[in-house]
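Comments concern the structure below.
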Amino acid sequence: MTARAGAPLPIERLSLAKCKKASHSELLSPDAEFSNLYLTELGRGCSRGCRFCAAGFIYRPPRLWDADAVIRGLRERSDDVRRIGLLGMEMANNATMDEISAYLLESGCALSFSSLRADRINDKLLHLLSQSNLKSVAIAPDGTSERLRKVINKGLDQADLLRAAKRLTEAGILKLKLYVMVGLPTETCEDLQELIDLIGLIKKEIDPIGKSRGWLTEILLSVNCFIPKPWTPFQYHPFGINKKLDKDEEYPAKQAITQLKEKIAFLKQGVKQFDNVHFQADKPDNAMFQALLSKGDRRIANVLYDMAAHGLPWKKSIKNHNLSTEQFILCGSSSTSYFPWYIIDHGISAEYLWKEYHKGLSAALTDPCDPLICRRCGVCGEI
Ligand code: SF4
């Protein structure tokens, strides 16, 4: 990789250490996904270090804005906007949330959540939920088993998930969405079975509550294929299969797709035994294309151009350019692999990511970020 004369390589990203006014939605349009939802940041980054999550790594270190900055951002909305989405709820401390909640309640706003962290559901949050009249909430176990949640460094256990499901149902939630991934490193059939068993346990917790009020809470299980993302520990892992590949070893894309389809079918069949449990899943072929966009380099530009200009399916377009899906997303890498996204320097050392990948493979947990004392990934100390 070479840079043009005068251009830096790598390009250092800029990072905002403090913020006077939180960033927020600039334009609400009926043609967009969040047509009447005013999104406002509570901070940047996330302290948890989930090993699959790009946002958790590229927005390091985690930074929380103070309540005044958030409220300044909220005040910029137009008067008729009443639905508010707060980004970064996982990190916000209670004092900040208290001030923001008081402001939202005074202004007659309703809060909307994309997903809630199961171990952060407390009385304050439940109060906000009931004030906002929300009936549907998503929580993301992400890994199908306790062991896999350690592999991804999620830091949630079964007790957290059961407690969250119970408390949300008690608070009047009628639809509980559960997001999980298949195709994670080291995943086995036992991990998938554990998810089916967990749904049985959740139903045992929530059905009596639903029966006593005359309306059962539905569960929607949303199954998504794991996509390896740049600048994460799992950038080294192939798409769709559970095993690590040796450097330059390739694995057939068709077999990866077959495995993902079998896993999705297994889960779908497994939850059929439960009433009031709905199932939705990714199409592995579409997920594979996402993985290609995630890990591809400049050669993918012509593939995309042909798809747009000539209406070609992506697999055909790849073939026309003498490229293969395997070389980008089903090919082993090593600690010294140079990835196309390394032209941007986020401050994280590749050595740290490689180490984290291997900790993940052995289901070892890493502590959450503590920017005051921790210097392990290379980011802190620079701002
Ligand atoms: S140095 Fe430590 S606290 Fe700072 S971003 Fe990295 S892991 Fe988090």
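Miscellaneous remarks
- More than 24 angstrom apart: percent of Cα pairs within the stretch 18-112: 23
- Between the stretch 151-185 and the stretch 87-101, the alpha-carbon centres lie 20 Å apart.
- Treating each Cα of the stretch 121-253 as one equal point scatterer and applying the Debye formula with no solvent, the log10 of I(q)/I(0) at q = 0.09, 0.15 Å⁻¹ comes out as -0.33, -0.76.
- Arranged from fewest to most other beta-carbon atoms within 10 Å of their beta carbon, F274, F34 become F34, F274.
- Take every Cα pair under 8 Å whose residues are at least 6 apart in sequence, average their separation, divide by the length of the stretch 18-112, and the relative contact order is 32 percent.
- Within the chain, DSSP assigns beta bridges of which about 10% are antiparallel (rounded to the nearest 5).
- Along its three principal directions, the equivalent ellipsoid of the stretch 203-292 from the Cα gyration tensor extends over semi-axes of 35, 14, 11 Å, largest first.
- Overall dimensions of the chain, expressed as equivalent-ellipsoid semi-axes from the Cα gyration tensor (√(5λ), whole Å, largest first), are 34, 28, 21.
- Dividing the mean sequence gap of close Cα pairs (under 8 Å, 6+ apart) by how many residues the chain holds gives a relative contact order of 18 percent.
- Residue-count net charge about H237 - beta-carbon cut-off 12 Å; Lys, Arg +1, Asp, Glu -1: +3
- Cα-centre dipole for the chain with unit charges at Cβ (Lys and Arg positive, Asp and Glu negative), debye to 20: 260
- Computed over neighbours whose Cβ is under 11 Å from that of M307, the net charge equals +1, Lys and Arg +1, Asp and Glu -1.
- Exposure proxy ranking, count of Cβ atoms within 10 Å, fewest first, for T258, T40: T258, T40
- Residue exposure sequence - D123, D79 - by fewest surrounding Cβ within 10 Å: D79, D123
- Convex hull volume per residue for the stretch 261-383, taking Cα atoms only, in Å³: 207
- Over all other residues within a Cβ to Cβ distance under 9 Å of R163, the charged ones net out to -1, with Lys and Arg as +1 and Asp and Glu as -1.
No lab work stands behind these numbers, since they all come straight from the coordinates. In this text the structure is predicted, and so the values were computed from the model without any measurement. Please note: Cβ atoms are built from the backbone with ideal geometry, for glycine as well, and neighbour counts cover all protein chains shown.
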